[in-house]
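Notes for the one structure printed next.
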């Protein structure tokens with residue numbers, strides 16, 4: 001095996017530099033199974049390392065050669081084992097059981113070594129050759145006639161979410177940052193930044209997407225399964241990669257004479273970049289230095305343009321409509337899911353009416369009752385509503401990637417105890433004070449500390465379970481959190497004009513205690529350029545409005 005590895009390394013140094021970490025893991029597993037000796041001590045003469053450490057190791061052709069020589073030197077040790085089991089079979093069984101993430105990588109690597117492995121020792125597990133339906137063996141290499149990248153300009157460009165002036169403003173911001181930081185290009189891969197700079201919001205489904213910005217141009221990189229839709233939505237150009245070859249995504253970023261191939265300093269989003277993907281970027285651009293742009297772009301998104309604020313205002317209006325639709329169907333015996341569906345349907349229809357040119361996706365309602373209210377992000381269930389239930393209504397209209405929320409505490413038919421009423425009114429008191437504190441020049445942490453004191457006065461501080469508010473804009477439960485604009489004790493950000501932030505105090509009283517349940521109110525505030533603050537949530541809160549008769 002060592003000889004076969006060495007020959008293949010000499011013949012294909014670039015390809016083996018990508019696959020060697022997986023070969024090492026598969027081979028080490030086989031050694032351990034054959035001899036009972038720690039493979040790292042036997043082969044590498046060093047303490048074990050994690051598989052992630054090996055996968056992300058930067059490997060050059062020189063180190064590939066060194067590693068394979070060390071493997072070859074120890075092959076004789078493994079052959080001393082009396083166990084007559086195919087090394088290939090061992091790799092398949094052990095990798096399949098313990099290294100599921102690495103299984104397919106190891107499979108393809110070892111498959112190409114089968115000729116050498118068959119002569120290594122007798123096999124109790126015959127190698128099964130994969131075949132096409134006509135009985136012919138599958139080709140060992142991808143079909144060279146199938147394209148790796150394509151240009152698909154199907155139809156016409158659609159009406160964008162924002163004006164060309166707004167999108168150009170965003171590109172000017174990132175290019176100015178690139179110039180200050182000495183970056184040749186930025187490769188955005190997150191939902192939020194791909195969308196923020198391109199107006200294209202992808203569905204991942206296990207594939208990679210990107211938006212590449214250089215000083216001269218901007219291009220989205222999308223999967224062929226989406227066909228022409230990414231081009232229709234993208235502010236800029238588009239490259240499509242196919243499924244016919246492995247890692248075509250990385251090939252696409254270097255194709256079509258795109259200047260990224262010569263970039264020496266590239267911005268990546270370290271906060272969302274998995275380790276294995278970072279390793280592939282390193283292999284694709286071996287001469288490049290990578291720098292984080294995740295935090296800097298977050299600060300750009302924290303400040304909203306007038307167009308963004310107008311869209312968020314429309315979202316708040318639609319959230320209020322969703323809340324009214326929810327109120328109308330709340331009654332004893334109705335399931336949480338039925339209430340949630342009513343609110344979701346109302347909001348989706350209003351988004352479609354208001355923005356007929358936009359995609360409709362991700363809008364939802366969390367409606368919780370009784371004990372299900374204890375967590376703010378608890379999923380909807382089919383629990384039937386009962387009189388006296390504490391209820392939590394959460395409406396989230398998503399307009400082209402922009403998150404808006406309305407959240408209210410309600411009770412069905414009656415408030416079941418004086419303690420429930422007391423806790424609700426205290427939380428409303430905190431909410432009102434929080435709305436007063438949000439203004440330009442105030443630090444996020446100072447707001448949190450002052451509101452803590454109100455809870456402390458009533459011995460309720462230990463019932464808080466999250467912060468008092470957060471930023472809005474390009475955001476969802478799976479992307480886009482702007483962590484530097486949160487009303488938390490450790491966030492020292494100063495509130496400024498063109499920020500949009502929520503006030504949402506929440507306490508959860510555990511089951512079995514007086515007043516058990518969760519209490520939360522949520523409004524959205526816009527800090528204007530003139531220093532005034534506008535509350536764009538109009539749905540009332542508190543006992544005067546939200547004890548529902550259910551009739």
Label points 7 Å out from Cα along the Cβ direction at residue 262 and residue 282: separation in nm? 2.7 nm
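Please report the relative contact order for the range 458-545, taking Cα pairs under 8 Å with a sequence separation of at least 6, and give it as a percent rounded to a whole number.
24 percent
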The range 306-548: relative contact order as a whole-number percent, Cα under 8 Å and 6+ apart: 22 percent
Full extension from residue 436 to residue 157: what is 0.36 nm times the residue separation minus their Cα-Cα distance, to one decimal in nm? 96.0 nm
Within the range 275-309: backbone nitrogen closer than 17 Å to the residue 216 label point (7 Å, Cα to C-beta): none
Give me the extension gain from residue 324 to residue 361: residue separation times 0.36 nm, minus the current Cα-Cα distance, reported in nm with one decimal. 11.2 nm
Quick one: if you stick a label point 7 Å off each Cα along the C-beta vector at residue 443 and residue 352, how many nm between them? 4.9 nm
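Please work out the FRET efficiency for the pair residue 291 and residue 146, using the Cβ-Cβ distance as r and a Förster radius of 35 Å; give the result to the nearest 0.05. Each step should come with its number before you reach the end.
Details: r = 35 Å, r/R0 = 1.00.
E(calc), rounded to 0.05, equals 0.50.
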For residue 425 paired with residue 244, estimate the spin-label separation in nm (one decimal), with each label point 7 Å from Cα along the Cα-to-Cβ line. 7.3 nm
Efficiency of FRET between residue 172 and residue 387 - r from beta-carbon atoms, R0 45 angstrom, step 0.05: 0.20
On full extension of the chain, what length is gained from residue 544 through residue 453, given 0.36 nm per residue of separation minus the C-alpha to C-alpha distance? 30.2 nm
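Where a number appears in this text, it was derived from the coordinates with a stated rule and is not lab data. Note that the structure is predicted; figures quoted are calculated from it, not measured. Because the Cβ atoms are built from the backbone with ideal geometry, glycine has one as well, and the counts that use them run over all protein chains shown.
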